[in-house]
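Asks: Here it is, the structure in full.
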Amino acid sequence: MTGNHAVAHAVKLCRTPLIAAYPITPQTAIYEKLSEWEASGVLKGIMMRTESEHSAMASCIAASLTGVRTFTATSSQGIALMHEMLHFAAGCRAPVVMANVNRLLAAPWGFWADQLDSLSQRDTGWIQFYCENGQEALDTVIQSYKIAEQVYLPAMIALEAFFVSHFMEPVDIPEQEQVDRYLPPMDLPHKFDIDKPGFVVPVVSSELYRKYKHMAQVSMDSVKEIAGQVDQEFKKEFGRGYGIIEQVMVEDAEVVIVTAGSITSTTRLAVKGLRKQGNKIGLLKMRLFRPFPVEAVQIALRGKKKIAVIDRNISLGSGGIFCQELRAALIHSSDHPLIYSYIAGIGGTDVTPEVIQKISLEVMDRVDPFDQPIWVMDG
């Protein structure tokens, strides 16, 4: 099945009672599948057709605060329009779960894969996961509900347009009984209670606002440990796990390639080829982006001298966003690694194994630091 349909199956398996819908390419197939199930009675819940992504998120927040699971999906201009409500979801401590199908932001106009749409929301207070394929997207939706409902923060699952959303591959769909064992019913302690009326989003003093933000930061920090535990529990129940990061042949690597999303699959192939040629290249896959897994990254890259981060995004005036975060995480490293920012795959351009091999060999030959992003124009 496609990655989009895998996400829809996960939402159904999680017994999500409220889905707020506004379609946008290339996410629309998620809603189409859920809508088909609603019409046939397979989906037990309410599917709201709203007039905008802003309203879709507002609906999810309101419903979540009544104590029910909610889901929405978006992409590109849709998440940009949602921006205001993303802050409200995090501030209200509403454990909304959303899939974002990474698509480039206009202008110019286009429909292809680019991670800037979700990464530009990194400071809104949402947990963020980046998925390599449809199976991981399905599993991460299920895990995200379990994480979000423990820390009372919203969670976003990012999957790339077409490379994951429309690519068809074998996907294992868990049994409903398994998911029910793994994911307990939602129990929100601060949900609306008609017998105890309350008020949401009051005007507060500076000191109280600071206190709320500090509490949210403490909760966000706890996600790294909780996400690891949730993934281990998932592996025990379903036989597969992902971790918050993944290391592939990193132990003896002279150069480590850091990726997130679908480029990871291509890098796995490229690294195998490079190893056969005698080149000690490793791969570090970033799955959890917010909170950034600083400690896990520091441990994984201890002793490494050369690192190349391949970003399918660009923060204009700076560089690749994953590279920014990685450099910050390793700023105090006693190894003082050389970290290079490679911009590849922007706007959905293809990143082939040959491109990754070229980057790897180029970094092996580099001896001087280079702070500017390096644009890969192949393909």
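Asks: Of the residues Val351, Val355, which single one is outside any helix (DSSP H, G or I), within 22 Å of Arg275 (Cβ to Cβ) and of a type outside the set (Gly, Ala, Ser)? Give the derivation first.
Replies: Details: Val355 fails: outside any helix (DSSP H, G or I).
Answer to the selection: Val351.
Asks: Can you go through Val297, Val248, Val258, Val309 and tell me which one is more than 17 Å from Ile339 (Cβ to Cβ) and either of a type outside the set (D, E, K, R) or under 17 Å from the mean Cα position of the chain (by Cα) (or both)?
Replies: Val248
Asks: Kindly indicate which of Leu138, Leu105, Leu159 is in contact with a helix residue (DSSP H, G or I) (Cβ under 9 Å, 6 or more places away or on another chain), surrounded by fewer than 24 Cβ atoms within 10 Å (Cβ to Cβ), closer than 22 Å to Thr28 by Cβ and not β-branched (Val, Ile, Thr).
Replies: Values: Leu138 fails: surrounded by fewer than 24 Cβ atoms within 10 Å (Cβ to Cβ); Leu159 fails: surrounded by fewer than 24 Cβ atoms within 10 Å (Cβ to Cβ).
None of the other options fit; the residue is Leu105.
Asks: Condition first: assigned to a loop (DSSP other than H, G, I, E, B) and either touching a residue at least 60 places away in the same chain (Cβ under 8 Å) or touching a His at 6+ places or on another chain (Cβ under 8 Å) (or both). Now tell me which residues in the range 219-272 satisfy that. Reasoning before the result, please.
Replies: Kept after step one, since they are assigned to a loop (DSSP other than H, G, I, E, B), are these residues of the range 219-272: 239-244, 249-254, 260-262.
If the condition is that a residue be assigned to a loop (DSSP other than H, G, I, E, B) and either touching a residue at least 60 places away in the same chain (Cβ under 8 Å) or touching a His at 6+ places or on another chain (Cβ under 8 Å) (or both), then Arg240, Tyr242, Glu254, Ala260, Gly261, Ser262 are the ones that fit.
Asks: Restricting to the range 185-217, and then to whatever is loosely packed, with under 10 Cβ neighbours inside 10 Å and aliphatic (A, V, I, L, M), can you tell me which residue is modelled with the highest pLDDT?
Replies: Of all residues in the range 185-217, those loosely packed, with under 10 Cβ neighbours inside 10 Å come to 187, 189, 194-197, 199, 201-203, 205-207.
Add one more test, that the residue is aliphatic (A, V, I, L, M), and what stays is 194, 201, 203.
Numbers: Ile194: 85, Val201: 88, Val203: 94.
Result: Val203.
Asks: For the range 227-244, what are the residues that are under 16 Å from the mean Cα position of the chain (by Cα) and at negative phi?
Replies: Within the range 227-244, the subset under 16 Å from the mean Cα position of the chain (by Cα) is 227-228, 230-231, 241-244.
The answer is Ala227, Gly228, Val230, Asp231, Gly241, Tyr242, Ile244.
Asks: Based on what the data block shows, is Pro197 part of a loop (DSSP other than H, G, I, E, B) and closer than 21 Å to Arg15 by Cβ?
Replies: The answer is no for Pro197.
Asks: Suppose we filter Arg69, Arg122, Arg93 for residues that are surrounded by fewer than 24 Cβ atoms within 10 Å (Cβ to Cβ), of a type in the set (D, E, K, R), more than 15 Å from the chain's Cα centre (by Cα) and within 28 Å of Tyr212 (Cβ to Cβ); which single one remains?
Replies: Values: Arg69 fails: surrounded by fewer than 24 Cβ atoms within 10 Å (Cβ to Cβ); Arg122 fails: more than 15 Å from the chain's Cα centre (by Cα).
Testing whether each residue is surrounded by fewer than 24 Cβ atoms within 10 Å (Cβ to Cβ), of a type in the set (D, E, K, R), more than 15 Å from the chain's Cα centre (by Cα) and within 28 Å of Tyr212 (Cβ to Cβ) leaves just Arg93.
Asks: Restricting the search to the range 273-287, which residues are free of Cβ contacts under 8 Å to residues at least 60 places away in the same chain and either not polar (S, T, N, Q) or not in a loop (DSSP other than H, G, I, E, B) (or both)?
Replies: Going through the range 273-287, the residues free of Cβ contacts under 8 Å to residues at least 60 places away in the same chain turn out to be 275-278, 280, 282-284.
Result: Arg275, Lys276, Gly278, Lys280, Gly282, Leu283, Leu284.
Asks: On to the next question. For the range 172-226, give me the residue count where each residue is more than 28 Å from Pro293 (Cα to Cα) and touching a Lys or Arg at 6+ places or on another chain (Cβ under 6 Å).
Replies: Adding up the residues that qualify gives 0.
Asks: Can I ask one more? Please work out which residue is surrounded by the fewest Cβ atoms within 10 Å (Cβ to Cβ), limiting yourself to the range 324-348 and to residues that are under 18 Å from Thr266 (Cβ atoms) and touching a residue at least 40 places away in the same chain (Cβ under 8 Å).
Replies: Gly347
Asks: Determine which single condition Leu301 fails, assuming it passes every other condition in (1) under 23 Å from Ser118 (Cα atoms); (2) in contact with a strand residue (DSSP E or B) (Cβ under 9 Å, 6 or more places away or on another chain).
Replies: Leu301 satisfies all of (1) under 23 Å from Ser118 (Cα atoms); (2) in contact with a strand residue (DSSP E or B) (Cβ under 9 Å, 6 or more places away or on another chain) except (1).
Asks: More than 21 Å from the chain's Cα centre (by Cα) and either outside the structural domain of Arg287 (by TED's automatic domain parsing) or crowded, with 17+ Cβ neighbours inside 10 Å (or both), is that true of Ser222?
Replies: Working: more than 21 Å from the chain's Cα centre (by Cα): no; either outside the structural domain of Arg287 (by TED's automatic domain parsing) or crowded, with 17+ Cβ neighbours inside 10 Å (or both): yes.
So Ser222 does not fit the description; no.
Asks: Mind checking which residues of the range 1-25 are in contact with a Lys or Arg (Cβ under 6 Å, 6 or more places away or on another chain), within 22 Å of Phe88 (Cα to Cα) and outside any loop (DSSP other than H, G, I, E, B)?
Replies: Ala21, the sole residue that qualifies.
The values are calculated or read from the model by the stated rules, or taken from the named source; none is laboratory data. What you see is a predicted model; the values in this text were computed from it and never measured. Please note: Cβ atoms are built from the backbone with ideal geometry, for glycine as well, and neighbour counts cover all protein chains shown.
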